[in-house]
Amino acid sequence: MTKRFLSLMITLVMVVGLLGIMSETITSFASDNSYYSSVIEQYKKALKNNLYTDTINWVSSVGKYINSELISASRTYKNYGNQYSDENFYIYYTLSDLNNDGTKELFIGAGKNKNSVRLYDVFYYNGYSPTHLFDLTFGYRTNLIVYKDNTFAVSGSSGYNTSSISYYHLLQNSYIPVFIEEYGMDQGSCYHISNKWIKKSITNQKYTTVSNKLYNNTKKFSWTKITQKTKLKTRSVTSVNKDKKKAKKAMKQAKITKLTAKAKGKKITVSWKKIKKATGYQVKLATNQKFTKNKKTVNVKKNKVILKKLKSKKKYFIKVRAYKTVNGNTSYGKWSKVVKKKVK
């Protein structure tokens, strides 16, 4: 299973150059939600065909954006001779900025209702067409979980006593998943792989603990059910670029000042001077000045936040920047000076 993930990373690295060349195009067009319409239209076709339950070789009938694993895993059916009775479920979509670049990605999931949706696919716009963030040939993948800090986990199983949970994050302005770590079970033996690809054995209890926390601190999405009437809002490129310029202009001179941090118990209260045109603020903290260790990012609307559940006797580094959002297009101001505070 690990080899499959390595294969994914190698494939993704090969397209880094192409994505770099098209970065300006992506920035110009990805905010226009209508560029994901082709994905929605193919799922509408699938719904019209009863999600291809009547087609023997249905895989060849679907479009390139349809996820067979999502449809198969979301359906519970019983075989009555040649008749299949499907349990009621729906396909949902939502749009969210996963890599904090000011543009939104398309998320596809399924469930009986919007409160039970399992997130499964993510698309970004590469300047020409919607593109999968992940290679869909991974037949064992059963879920994709996104957390509040925009890191995400890919979980799945490829057989009895064989499963894995791999964690990733996206760098800002990048669509290349960066591997964080993996926990897994191979024929009953549990292991851990670090971000340096060092594999070590762990206890079954440790793996169980990680598995039980899989859905803690997950990001809440506002899901919309895909129906035959679903149509993504179309906006002109001129209109999108106008919104981008407006957001960028508002943040051009935005500078965080009077930043203070006060520690009490395992909490740090951070405050700063309010910026009039800001939609909100992004607060980042970590246990090192490069912001690479134990890092955490929080978006807030007010010019004050209480950072909780911090580690005792640890020194934290904190910085803040403002952001402005206009019709889904986000622009960020400059980071503030870094302040440090030790938790008692």
**Request:** Evaluate the following for Y281: is it surrounded by 18 or more Cβ atoms within 10 Å (Cβ to Cβ), at negative phi, at pLDDT below 90 and in contact with a strand residue (DSSP E or B) (Cβ under 6 Å, 6 or more places away or on another chain)?
**Result:** no
**Request:** Hey, can you tell me all the residues within the range 301-317 that are in a loop (DSSP other than H, G, I, E, B) and surrounded by fewer than 16 Cβ atoms within 10 Å (Cβ to Cβ)?
**Result:** K301, K302, K308, K309, K311, S312, K313, K314
**Request:** Look through S155, S116, S129 and report the one residue that is of a type in the set (S, T, Y) and either modelled with pLDDT of 85 or more or within 16 Å of the chain's Cα centre (by Cα) (or both).
**Result:** S155
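This table checks each residue for (1) within 24 Å of the chain's Cα centre (by Cα); (2) in the same structural domain as I108 (by TED's automatic domain parsing); (3) assigned to a helix (DSSP H, G or I); (4) of a type outside the set (V, I, T).
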residue: N216; (1), (2), (3), (4): yes, yes, no, yes
residue: A254; (1), (2), (3), (4): no, no, no, yes
residue: A263; (1), (2), (3), (4): no, no, no, yes
residue: T269; (1), (2), (3), (4): no, no, no, no
residue: L285; (1), (2), (3), (4): yes, no, no, yes
residue: T292; (1), (2), (3), (4): yes, no, no, no
residue: N299; (1), (2), (3), (4): yes, no, no, yes
**Request:** Among the residues of the range 92-108, write down those that are more than 11 Å from the chain's Cα centre (by Cα) and at pLDDT below 85.
**Result:** D101, G102, T103
**Request:** Answer yes or no: is there a residue in the range 231-251 that is polar (S, T, N, Q), part of a loop (DSSP other than H, G, I, E, B) and at pLDDT 75 or above.
**Result:** no
**Complete:** Across (1) loosely packed, with under 13 Cβ neighbours inside 10 Å; (2) modelled with pLDDT of 90 or more, K276 clears everything bar (2)
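The values are calculated or read from the model by the stated rules, or taken from the named source; none is laboratory data. This one's a predicted model, so the numbers in the text were calculated from it and none came from an experiment. All Cβ positions, even for glycine, are placed from backbone atoms using ideal geometry, and neighbour counts span all protein chains on display.
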